[in-house]
Amino acid sequence: MEFRRKHLLELQGMSREELTLILDTAETFREVLERPIPKVPTLRAVTVANVFFEPSTRTRLSFELAEKRLSADLVSFSAATSSVLKGETLKDTARNIEAMKVDMVVIRHSAAGAPHFLSRCLAASVINAGDGCHEHPTQGLLDMMTLRHKFGRLEGLKVAIVGDIEHSRVARSNLHGLRTMGAEVLLCGPSTLMPVEAERWGVAVTHDLDEAIAWADALNVLRIQRERQAAGLFPSLREYHARFGVTRRRLERAGKEVTILHPGPINRGVEIESDLADSEFSVILDQVTNGVAVRMAVLYLLAGAQGALQGS
Amino acid sequence: MNQPKPAQKVLFKGGSLLDLDTGKETPEDILIVDGRIAELGKVEIASFDGEVIDVSGAVVVPGLMDMHVHLREPGREDEETVETGCRAAMAGGFTAVCPMPNTEPPADKREVLDFLKERAAGQLVELFPIAAVSKGRKGEEIAEMGELVEAGAVAFSDDGDPVHNAAVMRRALEYASMFGRPVIDHCQELTLSAGGVMNEGFVSTNLGLPGMPAIAEEIMVARDLFLAKYTGGKLHIAHVSTAGAVELIRRARAEGVQVTCEVTPHHLTLTDEAVVGFDTNTKMNPPLRTAADVEALRAGLRDGTIQVIASDHAPHAIEEKEVECAAAPFGIIGLETSLGLVLRELVDGKVLSLAQALRAMTVGPRAALGLEQVKIAKGAMANLSFIDPRAEWVVDRSRLHSKCRNTPFHGWKLRGLVLALCNKGLFWCAGG
């Protein structure tokens, strides 16, 4: 199958074939990462701009590493050190970057839809590295890759996403991607952090973590942001941990093995018990490694669809 | 756009008078002399020495009125002025508009209304300004309503914002009732809608955009209806957008509460599905709601619960709208697409008859504001819109007369061409 998309904006609406192609391509790049010299010349002469309007350490590092492993040229931009502070608009920022003859733009932005907006302004390919509460497609892909590794399949897998669903771009990309690949998804979290009409996604919803654990093959545990408590969306971190914190005791009570994912960074002792995050159940560090492979695959496929790989 | 000319001796030939009560169309030529209707009926042109305007195919109705527009002057003349707003109004078939007071400075003092009147002098389009409910639109103390009425205010509103303080709203309804003027409220319970950029529902859930729930509007509508009932004041609800609000208003009217309301063409046409793709031209306040809400709004118009269609014409500069959704201002322009959308969606869509639809754009707003109705009779001052309801046209945002381009209807095929207008002793015809 040929990859025909110009941008990667969201997993919603992508076909099973497209997702499978990305995941299969990521497997080959994962092998590259295991080599003594983990670098290929694939994207030589391709320039990628990493445009981060929101603080991010791991996603940004992961993209940069992926670009370097593919021999792309890269420039990085973060809002804290940019003209955005002087009032420049997103469109002007983007057009300036493009005028520097960039082929691809990786964007992280606090506003949902910012990558869509950029994709309408630019000739370059746009990769969404997280937009507000909307989607984080490469995170969804790396989670799927990690689960596929662990279980050998996604079809029929039962995945519970636990925590602040309403504000989570990770949850949205995960549920769209997983459902397209034939997995079942359950959302679990306090009612105040569950978006309205979430059932219309075709997923089950529960506010009972034990029920979710009893059902699931894997738990994708989301980070709880402390400012949500300040906004009155739950009473205290203590109460959150008591109701929705994933603990070894809860897993033992369920009497089964459950794989635990977390997009990081972890609030140890809030959404997950500290030692559980480092336990045999956790695949959190696999997620990090797979993140580089998935981003290499996405860059590679989009560059091919753009024609940037011709002659390379 | 060609300029209006003095209507010293003009014959509009070939149109049909549309009776807005019965829907009956009667072919009549209309002779205007010095701005007044001198003759209605068959007028021979063999020896006629005035100007003859061919309005064949047109229905003739009282001049259309848009009771909810933002003309941005004073303060944001880069976005719209009284002059450009009047041009857009003429292109849209209107002979009267009511500019909202959320200008800079706000229309909370006589001087601002005097300034607006001065700017509108010589225009064919008549300005009926709406003044602020509260001083500085701060929602704390009611404005000097008596003086504002003397200066020409036809109603009071802090539109753009609700009158959030219930005691201020109570006093406003009580005080404005001395002058027989309505208080127009932008109904929104701000603690429930805070941060929202679209309707709260499955679409906002899916897009990850913060939502404004329907109950934020409905709670405020309910509060205002209680206050109107208690005070006996005249209440007008601006841009109703939810099924629940329509039902609340329907029940209150049945109980005899003095309440009228309006709906915009975009809330009658689009749903929150239009926000998919994150086009900021779909960001408005109140937000686009669900298909069930659209259906309820249409039903409300049909049964008379909603009497007025108003555009909420809200021009915004391109650079302000060409940003990510969260940063964009609310609102779209509407003066030039209002009639076309109404004819396409409501008349072609068999929701309303042509007469019912045009009633909501002529008789409805004047009744809501307590203004004298326009008469089409021999001897009356001519205030007329000549509309060909069957003609089709395609919206091209680059050819609109508003200073701004923020419309989600670019490329839409609409129904209804404005052939000519007559008002204030002036006439204008689209053909030159």
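Read-outs: derived from the displayed coordinates by stated rules, not from any lab. Note that the structure is predicted; figures quoted are calculated from it, not measured. Heads up, the Cβs are rebuilt from the backbone with ideal geometry, glycines too, and the neighbour counts pull from every protein chain shown.
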key: Shielding score for B:316-329, defined as the mean number of other chain Cβ atoms within 10 Å   = 4
request  = Work out the count of Lys pairs in chain A where the Cα-Cα distance is under 29 Å, with the pair 8 or more places apart or on different chains.
outcome  = 15
query = Counting only other chains, what is the mean number of Cβ atoms within 10 angstrom of the Cβ of each residue in peptide B:201-213?
reply = 6
inquiry  = Largest first, please: the extent of the C-alpha atoms of region A:164-286 along each principal axis, to the nearest Å.
reply    = 37, 34, 25
request  = Amide H neighbours of B:D108 under 5 Å, at least 5 residues apart or on other chains, H built in the peptide plane: list them.
outcome  = B:A132
query = Hey, can you rank A:61-72, B:111-122 by average C-beta count inside 10 Å, highest first?
reply = A:61-72, B:111-122
task = Using θ = phi - 60° and the Karplus relation 6.51 cos²θ - 1.76 cosθ + 1.60, list the HN-Hα couplings for region B:200-216 in order, rounded to whole Hz, with x at every Gly or Pro.
result = 7, x, 4, 5, 5, 4, 5, 7, x, 9, x, x, 10, x, 4, 5, 4
key: Packing-based ranking, highest mean first, of B:228-238, A:13-23, A:250-260, B:123-133 given that Cβ atoms within 10 Å are counted   = B:123-133, B:228-238, A:13-23, A:250-260
key: Sorted peptide list for A:236-243, B:44-51, criterion being average Cβ within 10 angstrom, highest first   = A:236-243, B:44-51
request  = Give, rounded to the nearest 20 debye, the magnitude of the charge dipole that region B:196-327 has about its Cα centre when Lys and Arg contribute +1 at Cβ and Asp and Glu contribute -1 at Cβ.
outcome  = 660
message = Over the protein assembly as shown, what portion of Cα pair distances is larger than 46 Å, expressed as a whole percent?
response = 33
request  = Would you mind giving the average projected area, over all directions, of the Cα convex hull of region B:224-361 in nm² with one decimal?
outcome  = 8.8
inquiry  = On a full-extension model of 0.36 nm per residue, what is the gain between B:D34 and B:T22, subtracting their alpha-carbon distance, rounded to one decimal in nm?
reply    = 1.3 nm
key: Helix B:291-302 axis, angle to chain B major axis (alpha carbon atoms, nearest 10°)   = 50
query = What FRET efficiency, computed as 1/(1 + (r/R0)^6) with R0 = 22 Å and r the Cβ-Cβ distance, is obtained for A:E31 and A:A305, rounded to the nearest 0.05?
reply = 0.45
query = To the nearest 20 debye, what charge dipole does region B:352-406 have about its Cα centre, counting +1 at the Cβ of each Lys and Arg and -1 at the Cβ of each Asp and Glu?
reply = 140
query = Considering the alpha-carbon set of chain B alone, what are its Rg and its Dmax in angstrom?
reply = 20.8, 69
query = Taking a point 7 angstrom from the Cα of B:A166 along the C-beta vector, which residues in region B:213-230 have backbone N less than 14 Å away?
reply = B:219-230
3J(HN,Hα) from dihedral phi, region B:4-11, Karplus parametrisation 6.51/-1.76/1.60, rounded to Hz, x for glycine, proline = x, 10, x, 8, 6, 7, 10, 10
query = B:K378: which lysines have alpha carbons under 23 Å from its alpha carbon, excluding same-chain residues fewer than 8 sequence positions away?
reply = B:K5, B:K9, B:K13, B:K24, B:K42, B:K424
task = Could you name the aspartates and glutamates whose alpha carbon sits less than 16 Å from that of B:K138, not counting residues in the same chain fewer than 8 places away?
result = B:E104, B:D108, B:D158, B:D159, B:D161, B:D185, B:E189
note = Rounded to the nearest 10, the angle in degrees between the Cα long axis of helix A:90-99 and the longest principal axis of the Cα atoms of chain A comes to 40
inquiry  = Restricting things to Cα coordinates, could you compute the convex hull volume per residue of region A:1-47 in Å³?
reply    = 106
GluC sites (Glu not before Pro) restricted to DSSP loop in region A:129-224 with at most 12 other C-beta within 10 Å = A:E155
task = Identify the GluC sites (Glu not before Pro) of region B:307-408 meeting these criteria: DSSP loop state and at most 14 other C-beta atoms within 10 Å of the C-beta.
result = B:E372
note = For B:K413, counting only lysines whose alpha-carbon sits under 18 Å away and dropping same-chain residues fewer than eight positions off, the answer is B:K350
query = Plugging the Kirkwood radius over Cα pairs into Stokes-Einstein for region B:161-254, at a temperature of 25 °C and a viscosity of 0.890 mPa s, what D comes out in µm²/s?
reply = 177
query = Under 5 Å between amide H atoms, partner at least 5 residues away or on a different chain: which partners does A:V105 have, H built in plane at 1.01 Å?
reply = A:A49, A:S125, A:V126, A:I127
remark   = Inter-chain shielding metric for A:111-123, i.e. average beta-carbon neighbours from other chains within 10 angstrom, reads 5
task = Report the local net charge at B:G349: Lys and Arg +1, Asp and Glu -1, summed over other residues whose C-beta lies under 14 Å from its C-beta.
result = +3
note = If every Lys and Arg gets +1 and every Asp and Glu gets -1 at its Cβ, then about the Cα centre region A:1-100 yields a dipole, in debye to the nearest 20, of 200
note = Residue-ordered couplings for region B:305-321, obtained by feeding phi - 60° into the Karplus form 6.51 cos²θ - 1.76 cosθ + 1.60 and rounding to whole Hz (Gly and Pro as x), are 4, 9, 9, 10, 10, 9, 7, 6, 3, 10, x, 9, 4, 3, 5, 7, 8
ask   = What angle do you read, to the nearest 10 degrees and between 0 and 90, between the alpha-carbon axis of helix B:243-254 and the longest principal axis of chain B?
value = 70
task = For region A:120-222, state the average projected area of the convex hull of the C-alpha atoms over all orientations, rounded to one decimal in nm².
result = 7.1
